[in-house]
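Beneath this line is the structure, given in structure tokens, with notes to follow.
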Amino acid sequence: MKGASIDKAVELIRSSVGPTVPEIALILGSGLGFFADANVEDPVTIAYSKIPGFPESTAPLHDGNLVVGKLRESPEPLVCCLQGRFHRYEGYSLDQIAMPVRILARWGVPTLVVTNAAGGIDESFNPGDLMLIDDHINFLGSNPLIGANVEEFGPRFPDMTYAYDPQLKEIALSAARAVNVPLNRGVYVAVSGPSFETPAEIRAFRVLGADAVGMSTVPEVIAARHAGMRVLGISCITNVAAGMSAEEISHEKVEAAATSARGSFSTLVSRILAICPTSQSDSG
Ligand code: HPA
């Protein structure tokens, strides 16, 4: 996607939200879109269909709204929630999947919090657990930055050593302690889906060093780092991965587990957003 279409999208968002740019954007994964409805005060809600160039959200449990406002009971910061994201399994290219992140970056949002539903590969994880994403493995077989580099977005060969920001991880861990929500840590492996994995694939991913598996997040994180945003990632473990129990995996079970984790997810993420450094408080 070219810079001009991104500028049009930013123009539309600015004309609805006003001149203040949010400090943090939050991408809400499957079953986690409720967070914006429950926690954002006096929201400005923009349907994705109104934003020029935005793909259409076809995934189940993905509403397709951008919700901007302040957090309930917290004067700062202004946050922008994306209720719904785009996935490879919907047929979108990784470049299209990354487009909302590029819009956020162009708008000037400095920090991105990505959330998702994921299958637990680590044997100590249970449905309903939360996992801080320490790092990722891109198993999508592609990259959102393939093609001519658009210099105005970022460099040709962006570094991924600190894909998940060390300072934001510390903030998330201390937020978890403060609100008494257990927070595991681990490596997220991204696959295209839409079929869930086979047990043999899960065994292979464990050998590769993955602790959780899902069908999203990685393209967005790569695009965000390319554009110089700082990233934090939280997975909601909705099931044990394929072959780790006798049970089959279904989207309905994923949805039910994400719903049952609402309380801890909401408590933790609200706290993280409230204590994240803002551009005023943080020199970089
Ligand atoms: N595999 C892939 N994606 C997922 C899973 C899973 O087990 N659970 C939730 N999203």
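The values are calculated or read from the model by the stated rules, or taken from the named source; none is laboratory data. Note that the coordinates shown come from a computational prediction; the quantities given were computed from them, not determined experimentally. Cβ placement follows ideal geometry from the backbone for every residue including glycine, while neighbour counts extend to all protein chains displayed.
Tabulated data
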item: Total residues in region 70-117, condition within 16 Å of the ligand (Cβ to nearest atom) and either under 15 Å from the mean Cα position of the chain (by Cα) or among the aliphatic types (A, V, I, L, M) (or both); result: 10
item: Where P199 falls short, out of the listed (1) under 23 Å from P77 (Cα atoms); (2) more than 17 Å from the chain's Cα centre (by Cα); result: (1)
item: Criterion (closer than 29 Å to L130 by Cβ and in contact with a strand residue (DSSP E or B) (Cβ under 7 Å, 6 or more places away or on another chain)) met by exactly one of I97, I13, I103, I46; result: I46
item: Matching residues in region 69-85 - criterion: being surrounded by fewer than 24 Cβ atoms within 10 Å (Cβ to Cβ) and aliphatic (A, V, I, L, M); result: L71, L78
item: Tabulated pairs, region 21-36, first without any contact (Cβ under 8 Å) to a residue 24 or more places away in the chain, second surrounded by fewer than 24 Cβ atoms within 10 Å (Cβ to Cβ), C-beta under 7 angstrom, 6+ apart or interchain; result: none
item: The listed residue being within 17 Å of the chain's Cα centre (by Cα), surrounded by fewer than 19 Cβ atoms within 10 Å (Cβ to Cβ) and within 25 Å of A176 (Cβ to Cβ), out of S216, S266; result: S266
item: Given (1) within 16 Å of the ligand (Cβ to nearest atom); (2) part of a loop (DSSP other than H, G, I, E, B); (3) surrounded by fewer than 18 Cβ atoms within 10 Å (Cβ to Cβ); (4) at negative phi, number of the condition E151 does not satisfy; result: (1)
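Yes/no per residue for (1) at pLDDT 95 or above; (2) closer than 23 Å to L94 by Cβ; (3) not hydroxyl-bearing (S, T, Y):
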| residue | (1), (2), (3) |
| --- | --- |
| V179 | yes, no, yes |
| A227 | yes, yes, yes |
| A246 | no, no, yes |
| H251 | no, yes, yes |
